[in-house]
Amino acid sequence: MERHGDAVLVSCPDIPEMHAVVYEHQRTEEEVLDAIETALYGYMQDRRPIPAARASTRRRLMIYLPTLTKAKLALYGAVLDQDLSKAELARRLGLPRPSVDRLLDVRHGSRMEQLDAALELLGRRLEVQVSEAA
C-alpha cells in the first residue's frame, strides 16, 4: 500500500493484475475485495490457474475472501484440473450454459447447494473451517 494524498494505492504480489485506488472516505476492505474479485474473474475468463496466496512476513492489509468466492474458486480449480469446458460442465450438471457461467462468476451470488453439487460431481467436497478473527 502506498499513500498519495487522500488516496491509497493497493496492489497484491500474489495477483499482479490487481490494483485498487482507495480514498479516505471509502471502505478499504470492500474496495480491495472488489478489485481482487475482478482480477480473479479475469483469470477465470482466460482459463488461467488462480495463484495460491503466500504467507506474508511483512505487515500488510489482509483481505479474506468470502466463503462463496472460495467455493467458486474451488469449483473453477476442479474444472481446470479436469480440463472441462463450461459446456461440458453444464451438460454434466443438467443446467443451461448461462447457469454455469453464473456459478463460476465470483461477482455473482450463487446458492452453496449448487456449488456443493457441482463439486461433488467433479469428485470434490467443500469443507468450511472457522477460526478466531484477528
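Details
- Any hit, segment 78-99, residues being polar (S, T, N, Q), part of a loop (DSSP other than H, G, I, E, B) and surrounded by fewer than 17 Cβ atoms within 10 Å (Cβ to Cβ): yes
- Within segment 1-46, the set of residues being of a type in the set (A, V, I, L, M), touching a residue at least 40 places away in the same chain (Cβ under 8 Å) and surrounded by 14 or more Cβ atoms within 10 Å (Cβ to Cβ) comprises VAL10, LEU40, MET44.
- Counted residues, segment 1-31 - those being assigned to a loop (DSSP other than H, G, I, E, B) and either within 22 Å of the chain's Cα centre (by Cα) or under 21 Å from GLY42 (Cβ atoms) (or both): 10
- Test for GLY109: is it small (Gly, Ala, Ser), over 19 Å from the mean Cα position of the chain (by Cα), assigned to a loop (DSSP other than H, G, I, E, B) and surrounded by fewer than 16 Cβ atoms within 10 Å (Cβ to Cβ): no
- MET62 vs. criteria more than 25 Å from ALA133 (Cα to Cα) and of a type in the set (A, V, I, L, M): no
- Taken over segment 112-131, the criterion of being at pLDDT 95 or above, part of a loop (DSSP other than H, G, I, E, B) and of a type in the set (Gly, Ala, Ser) is satisfied by GLY123 alone.
The values are calculated or read from the model by the stated rules, or taken from the named source; none is laboratory data. Please read all numbers here as calculations on a predicted model, not as lab measurements. Using ideal geometry, Cβ is built from the backbone for each residue, glycine included, and neighbour counts are taken over all protein chains shown.
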